[in-house]
1. Any idea which of (1) assigned to a strand (DSSP E or B); (2) of a type outside the set (Val, Ile, Thr); (3) open to solvent by 20 Å² or more (accessible area, probe 1.4 Å) is the one B:Arg8 doesn't satisfy?
2. Condition check: among the aliphatic types (A, V, I, L, M), within 14 Å of chain B (Cβ to nearest Cβ), closer than 22 Å to B:Pro30 by Cβ and crowded, with 16+ Cβ neighbours inside 10 Å. Does A:Ala152 satisfy that?
3. Please enumerate the residues belonging to region B:135-169 that are more than 14 Å from every other protein chain (Cβ to nearest Cβ), modelled with pLDDT of 90 or more and more than 30 Å from B:Leu11 (Cα to Cα).
4. Restricting to region A:79-91, give me the number of residues that are open to solvent by 20 Å² or more (accessible area, probe 1.4 Å) and either of a type in the set (Phe, Trp, Tyr) or more than 7 Å from chain B (Cβ to nearest Cβ) (or both).
5. Can you tell me which residue among A:Ser50, A:Ser58 is under 30 Å from A:Leu243 (Cβ atoms) and within 14 Å of chain B (Cβ to nearest Cβ)?
6. Considering only residues of region A:255-267 that are touching a residue at least 60 places away in the same chain (Cβ under 8 Å) and open to solvent by 70 Å² or more (accessible area, probe 1.4 Å), which is farthest from A:Glu42 (Cα to Cα)?
7. Restricting attention to region A:270-277, does a residue exist that is of a type in the set (A, V, I, L, M, F, W, C), open to solvent by less than 20 Å² (accessible area, probe 1.4 Å), farther than 20 Å from B:Gly31 by Cα and assigned to a loop (DSSP other than H, G, I, E, B)?
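The values are calculated or read from the model by the stated rules, or taken from the named source; none is laboratory data. Nothing here was measured: the structure is a model prediction, and the numbers come from that model. Neighbour counts run over all protein chains shown; Cβ positions are idealised from the backbone, glycine included. Protein only, heavy atoms only, side chains kept; ligands, DNA and RNA dropped before computing areas. Shrake-Rupley method; radii C 1.70, N 1.55, O 1.52, S 1.80 Å.
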Amino acid sequence: MIPPLHGLRLRAVLSQALRTFFIDRGYLEVETPLRIPAPAPEAHIVSLTSEGWYLQTSPELCMKRLLAAGIPKIFQICKCFRHGERGDRHLPEFTMLEWYAAGSDYLDLMADCEALLRYLAAALGKAGKAGELEWQGRRIDLAPDWERITVAEAFRRYAPCALEEALAKDRFDELLVEYVEPHLGLITPTFLYDYPAELGALARLSPTDPTVAERFELYVAGLELANGFSELVDPVEQRARFLAEREVIRWQGREPGPMPEVFLAGLELMPPAAGIALGVDRLVMLFVGADNIDQVVAFTPEGL
Amino acid sequence: MYSASDFRKGLKVQIDGEPYIMTDFSFSKPGKGQALYRARLRNMITGNAFEKTFRSNDKLEKAALEERTMQYLYSQGDDYIFMDNVSFEQLEISKAQLGDSVNFLTDNMDVEVLQYNGRPIGVTLPNFVNLKVTQSDPWVKGDTSGSDSKPVTMETGYVVQVPPFIEEGDKLQIDTRTGVYVTRVKE
């Protein structure tokens, strides 16, 4: 194997800069258990098991419990594990940055993302004259307001059929990957936002339009970097969505894990908040100019 | 049967009764969405290729091919000559049918020749082969190009990225499934 020294060096500097960014803004760094008894049921994310428990696919549930326990602003950089995810941009064990703030919504998170990437570009000396970032021959300008486009509009603009049809024919993911994503984040980074309610995961529905969830994904140069939302804090609706996901999991022939009852019980006390998960490996890829995630980690599973 | 999670470059599968080889493969998965497995498949008889996106629950049949251990002797133009070590029978396989395998073939190497209805259509290589470096530029100290590796040319003409300390004449272990450098080996 060839150790990717440049990627590793930049990763070390970037980890430090990430922490400084959040600590300076009053966030408390936390560590929650990697091994948990009951993950959030998700149709397309499969957990690895460990002695009858599960390796986290995201620290989301534990972090929200800390919000409910009264800590208003927290962040965490940790390992997450997802079965079967391996490709140029995926590792089954990867590093996630998550941050949560009480009293915030997804628009606040978008502003955080803009501030964070501009800060990192400056801290890493990667910002060109006007705060540009260069990746795979593309110059992405971080300085102006970033592009914001709703999922419905993105499908109208780039996909061969409307969003409604893509959903009805179960072709949403396929069309998103093939037709929409390649156009996102090319001039400035792009926020793809207002996901259809059925793809809302743990996001609250928009108070003005209940057909969409206040969820967004951040893209830079076609690379999906982060997924954030205004958090759903209604335990009744959250339970209903978990049950629906468990049905899909059963339909796929898998056995869903136990319901995260402790999390659901605590949701009652959780303040309105927003939270986001950002892939740190991909962030390093972006700043080091790598087109393959293998170039930013010390070891790949195949190299062990 | 192979399920989508088994898919990788070099996999040999059967579609409508004909053998295909997966010449390219990529995994993608939009946030919270389904895993998508995009594959390029080449018909091992006609050479025709197509691309298709598969989902997690899709499966492909294993190609029904006969395997026979043979020794690679030499190449003549675009034909590569192999010999049965027991019967001394010889046969040829074209460069196009061998695909990326030609990067790793050295004289007298034992490989598994794949046959379909008695016709040779390709080979399966050992997972790892040792090849000699025939051309390598010296590493420039203080190189600021931002790379951790440099390209060298192997005895087969194959160009591979290696660590800077590799020199001409070194023997390297290469993973034939991915084409990447594994380690330097002692003679």
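1. Looking at each condition in turn, B:Arg8 falls short on (1).
2. Criteria not met by A:Ala152.
3. B:Gln135, B:Ser136, B:Glu167, B:Glu168, B:Gly169
4. 5
5. Working: A:Ser50 fails: within 14 Å of chain B (Cβ to nearest Cβ).
After applying the criteria, what remains is A:Ser58.
6. Among those that are touching a residue at least 60 places away in the same chain (Cβ under 8 Å) and open to solvent by 70 Å² or more (accessible area, probe 1.4 Å), it is A:Val262.
7. yes
Conditions (1) more than 23 Å from B:Ser28 (Cβ to Cβ); (2) touching an Asp or Glu at 6+ places or on another chain (Cβ under 6 Å), marked per residue:
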residue	(1), (2)
A:Trp99	yes, no
A:Tyr106	yes, yes
A:Ala162	no, no
A:Lys169	no, no
A:Asp173	no, no
